[in-house]
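**Student:** Structure in structure tokens, see below.
The values are calculated or read from the model by the stated rules, or taken from the named source; none is laboratory data. None of these values were measured; they are calculated from a predicted model. Here the Cβ positions follow ideal geometry from the backbone for every residue, glycine too, while neighbour counts run over all protein chains shown. Ligands, DNA and RNA are excluded from the accessible area calculation, which covers all protein heavy atoms including side chains. Shrake-Rupley method; radii C 1.70, N 1.55, O 1.52, S 1.80 Å.
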Amino acid sequence: WDQVRYFGQVTDPDSGPLRSSGPALRDEVLQAPSGWDFVAHADGLLTHPVLLVSDTRTPRDMETQGALVARLRQLGDTRLSVQTYEDDHPFSAHRSELQQRLLAWLQSDCGAQP
């Protein structure tokens, strides 16, 4: 799969799910307010169950996951669940497994009923 073509499809301003453009997304991230830093604001998650899912093929995801997990554990979070898949960002090879994991987490950690 050509990553450039894929990025173009998902950021197409008229039909992509992000309805933006590469340069617009880049500029938005570069100008992001400090409030977007969820690692710095991890204490706001302490009263909520958190399921953090990442893929191994997106190094930035693994870096962010590690930082957030470390911060939450440092704060004493006991409701954090972490799942990592050796997969691509859309979890192409693990969608069914991820679905089952999410449903199990919702039932066990969030009290959701099937």
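**Student:** List the pairs whose first member sits in region 81-108 and is free of Cβ contacts under 8 Å to residues at least 24 places away in the same chain, whose second member is of a type in the set (Asp, Glu) and surrounded by 13 or more Cβ atoms within 10 Å (Cβ to Cβ), and whose Cβ atoms are under 6 Å apart, counting only residues at least 6 apart or on separate chains?
**Tutor:** 93/87; 94/87
**Student:** Using beta carbons and a limit of 6 Å, which pairs, at least six apart or on different chains, have the first residue in region 1-26 and open to solvent by 100 Å² or more (accessible area, probe 1.4 Å) and the second one in a loop (DSSP other than H, G, I, E, B)?
**Tutor:** Hits for this filter: 19/13.
**Student:** Something else: Of these, 39, 4, 69, which one is among the aliphatic types (A, V, I, L, M) and touching a Lys or Arg at 6+ places or on another chain (Cβ under 7 Å)? Walk me through how you get there before you give the answer.
**Tutor:** On the way: 4 fails: touching a Lys or Arg at 6+ places or on another chain (Cβ under 7 Å); 69 fails: touching a Lys or Arg at 6+ places or on another chain (Cβ under 7 Å).
When all the criteria are applied, what remains is 39.
**Student:** Output the qualifying pairs, or none if there are none: Cβ atoms under 9 angstrom, residues six or more apart or on different chains, first residue in region 66-79 and more than 17 Å from residue 54 (Cβ to Cβ) and among the aliphatic types (A, V, I, L, M), second residue in a helix (DSSP H, G or I) and open to solvent by 40 Å² or more (accessible area, probe 1.4 Å).
**Tutor:** As it stands, the answer is 75/43; 75/45, since those pairs meet every condition given.
**Student:** State the number of residues belonging to region 56-77 that are in a helix (DSSP H, G or I) and open to solvent by 70 Å² or more (accessible area, probe 1.4 Å). So that I can check it myself, show each step before the final result.
**Tutor:** At the first step, the residues of region 56-77 found to be in a helix (DSSP H, G or I) are 59-74.
Restricting the remaining residues to those that are open to solvent by 70 Å² or more (accessible area, probe 1.4 Å) gives 59-60, 63, 71, 73-74.
Going through region 56-77 one residue at a time, the tally reaches 6.
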